Amino acid sequence: MDKPAAAGRIAELRAEIRRHDNLYYVLDRPAITDAEYDILYLELVKLEEEHPDLITPDSPTQRVGGRPLDRFEQVTHRIPMLSLENAFTDGDIAEFDDRVKRFLGLPAGEEIAYVCEPKMDGLAVELVYEGGRLTVGSTRGDGFVGEEVTQNLKTVKSIPLTLGCDNPPALLEVRGEVFLPLDAFQKLNTQREEEGEAPFANPRNAAAGSIRQLDPRIAAKRPLAIFCYAPGMVEAASFASQSEFLATIRRWGLPVNPLARQVTGVAGILAFYREMTAQRDTLPYEIDGVVVKVDSFALQRELGEKSRSPRWAAAVKFPPRQAVTVIEDIVPSVGRTGVITPTAHLRPVEVSGVTVSRATLHNWEEMERKDIRIGDTVVIERAGDVIPAVVRVLTEKRSGDERFLPIPASCPECGSEVVKIPDEVAVRCMGLSCPAQIRESIIHFASRHAMDIDGLGEKYVEQLLRLGLVRNVADLYLLTRDDFMQFDRMGVKLAENLLNAIAASRQRELSRFIFALGIRHVGEHTAKLLATAFGSIDNLARAEEEELLSIREIGPQVARSIITFFHNEGNRETIRRMIEAGVRPTVEEKRVGGRFTGKTFVFTGALTRFTRDEAKTMVESEGGHAAGSVSKKTDYVVAGAEAGSKLAKARDLGVAVLTEDEFLTMLEGDT
Ligand code: IVH
């Protein structure tokens, strides 16, 4: 391709990738599959390799660009990043509202419009966009001077490198909170334990620790996210209110918490606070309260600020997720990779509405570092549904009877030798047939993100093992209804459901199958990379170290772990038996030259000729994609009976409407 053509295609690809980044990371409404995204991304990488002079710092390929730094530069915030005054009770909220009204000279009866937002528990940062391009990113620091962490912030996928608007303001500074979602936090800690690093006490520390890494490749591996919530200095744009500001920056591609909303008066604030309290435990990230802001920027200016905090905002804090209790016992338990983890059995204590009786102590090195002993009085902290952790010991409460639990000499479950591998903090049971390891590996195999065998949880796996019906995961595929009928309180219907769920798992995506095998260091993401690169389990099993290392993101440790796994005769035998039992991991076939290439379909109404999932598969196998909602970008709407608003919208927009039969003809026809 000559340079002008390449430049044109590069611009097209960047725009398309940015659009999909926004749909996926900001709007949570992906329109294409990961594999389709990878095709676009790889084409861009290739073109940029051929034309390095066309690479610009805001290209999606440049998120992880820079080299490790020696230290961070300091950045002075043009406008100081203030903190917030705290309110704790309903009375504090009423007082805040009173003060606002008094200051503005409003009568007590008049109601103020506020914007309420969840208070994210992460790390405050500032993003500077000049002429629509992200130029500087910094931490809050002491509010006046922070650290320049541009390289690390660029790795946060939901932060746009350029604003999605035609006439970007000359300057836009936005403040927001970077955080690590809870599932990523939990995964990160498990991985750190396996790799011998100290786990993070909570998601906030994990986010802060990631953004303050000198090597941007480390931040890039952590799936950090951000919600933006306040303007800094702005030139050549103006906003009348916080709600207008949020709506506008959201339109420009910046992530805004969808839960933020305008409310009226104290009653509105209290209702929002109660709603968030109720939702707190089900949100995928940690929040520590609610932030209330006077909506109108004119009123905000009138109210002004005190030395460190504005008069127009307040943080309504939740009760802390920490509590003090006593460790009654410390019990070692064995995980699926044989790692033995000490768990604290606690005197039950309530932590923000949930009774907690267990806490993870992670490993013996952590236990020694924090000097945690049986009988100790400790501060524990919990985040969402994550297992609580011990923050610190209240040593002043010691009586002298507390005792340290040494590393067990043998596995508490199978009595095998226990080994502490040099350079690792983990202590492992080396027993190949350790029942605890087998149990945990089957539970993992069946879990939702792996083979997704609906209903086959801990309780049933334990019974299968106890009755001697399975010895490893391959045995699952040989189970019969009679096997299940031996369970306590099992009915025919339930047994059938379990059997059907197992049968359905015979055809799962290859990436799930690879993840389900439980190869050390191979998480969901790596499993996807491997599935795309090798296309079949046989190819992966035969892969040589160099082939594995040629995949970006796969390092020597992961490569060796994969090789070791497939060299093990027992593992190979297990896979062979699963294939014999009809397990057929599927591969997403991408036909770039398919008849629907580049076409978007929306299916609506009651379909009778195929299911929605089948429709999606048919479209994708011909290179098109199936979207959930109708827009100008939709090429065809396939409408079944009783199609409603989507069909109406299609007609409105002049999108072609097909019946199911017409769709099938198009799929099979010669045109
Ligand atoms: S607004 C002057 N909104 O809370 C107002 N802050 O104590 C500036 N925070 O440093 C902050 N979620 O780290 C605002 N939705 C939100 C927030 C939020 C979390 C943090 C932020 C700030 C601290 C203030």
- What value, in deg cm²/dmol to 500, does the helix sum -39500 (n - 2.57) over DSSP H runs of n ≥ 4 give at 222 nm once divided by the residues of the chain? -10500 deg cm²/dmol
- Rounded to the nearest whole Å², what accessible area per residue is found for the stretch 150-190 with the 1.4 Å probe? 32 Å²
- Give the accessible area for HIS449 in Å² (nearest 10); use a 1.4 Å probe, count only protein heavy atoms, and leave out ligands, DNA and RNA. 90 Å²
- Message: At 7 Å along Cα-to-Cβ for each site, give me the label-to-label distance between ASP70 and VAL136 in nm.
- Response: 2.1 nm
- Query: With labels modelled as points extended 7 Å from the Cα through the Cβ direction, what inter-label distance (nm, one decimal) is found for SER309 paired with GLU368?
  - Reply: 4.3 nm
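What full-extension length gain, to one decimal in nm, is calculated for THR264 and GLU668 as 0.36 nm per residue of separation minus the Cα-Cα distance?
139.7 nm
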- Message: As an exercise, use a Förster radius of 60 Å and the Cβ-Cβ distance of THR343 and ALA170 to find the FRET efficiency, rounded to the nearest 0.05.
- Response: 0.60
- Query: Any idea what the relative contact order of the stretch 504-631 is, in percent, if you count C-alpha pairs under 8 Å spaced at least 6 apart?
  - Reply: 25 percent
- Task: Return one whole number: the accessible area per residue of the stretch 1-102 in Å², for a 1.4 Å probe.
- Result: 59 Å²
- Task: Using a 1.4 angstrom probe on heavy atoms only, work out the carbon and sulfur share of the accessible area of the stretch 461-549 in %.
- Result: 46 percent
- Specify the inter-centroid distance of the stretch 464-533 and the stretch 120-175, based on alpha-carbon positions, in whole Å. 45 Å
- Around MET120, what is the net charge, scoring Lys/Arg as +1 and Asp/Glu as -1 over all other residues with Cβ under 15 Å from its Cβ? +2
- Cα centroid distance between the stretch 62-98 and the stretch 335-362, in Å? 33 Å
- Task: Can you bin the chain into rounded, prolate or oblate? Criterion: square roots of the alpha carbon gyration tensor eigenvalues sorted a ≥ b ≥ c, rounded for a/c under 1.5, prolate for a/b above b/c, oblate for the rest.
- Result: oblate
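Scanning the chain for GluC sites (Glu not before Pro) in DSSP loops with at most 13 other Cβ atoms within 10 Å, what's the longest stretch left with none? Provide the component values of the computation, followed by the final result.
Values: sites that count: GLU73, GLU110, GLU544, GLU553, GLU589, GLU642.
Maximal segment without exposed cleavage sites: 111-543.
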- Query: How far apart, in nm, are two points set 7 Å out from the Cα along the Cα-to-Cβ line at LYS317 and at LYS221?
  - Reply: 3.5 nm
- Query: Which are the unpartnered cysteines of the chain, meaning those with no other cysteine Cβ under 4.7 Å from their Cβ?
  - Reply: CYS116, CYS165, CYS228
- Task: Report the calculated FRET efficiency for THR659 and ASP38 (r = Cβ-Cβ distance, R0 = 35 Å), to the nearest 0.05.
- Result: 0.55
- Task: Grab the other residues whose beta carbon is less than 12 angstrom from that of ALA626, score K and R as +1, D and E as -1, and report the net.
- Result: -3
- Item | Two-site FRET efficiency, HIS567 against ARG595, from Cβ-Cβ distance with R₀ of 60 Å, rounded to 0.05 | 0.85
- Net charge near ASN152, counting Lys/Arg +1 and Asp/Glu -1 over other residues with Cβ under 14 Å of its Cβ? +4
- Item | Surface accessible to a 1.4 Å probe, per residue, for the residues of the stretch 202-283, Å² | 43 Å²
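The values are calculated or read from the model by the stated rules, or taken from the named source; none is laboratory data. Note that the structure is predicted; figures quoted are calculated from it, not measured. Positions of Cβ are generated from backbone atoms using ideal geometry, with glycine treated the same way; all protein chains shown enter the neighbour counts. Quick note on the areas: whole protein, heavy atoms, side chains included, nothing else; ligands and nucleic acids left out. Shrake-Rupley method; radii C 1.70, N 1.55, O 1.52, S 1.80 Å.
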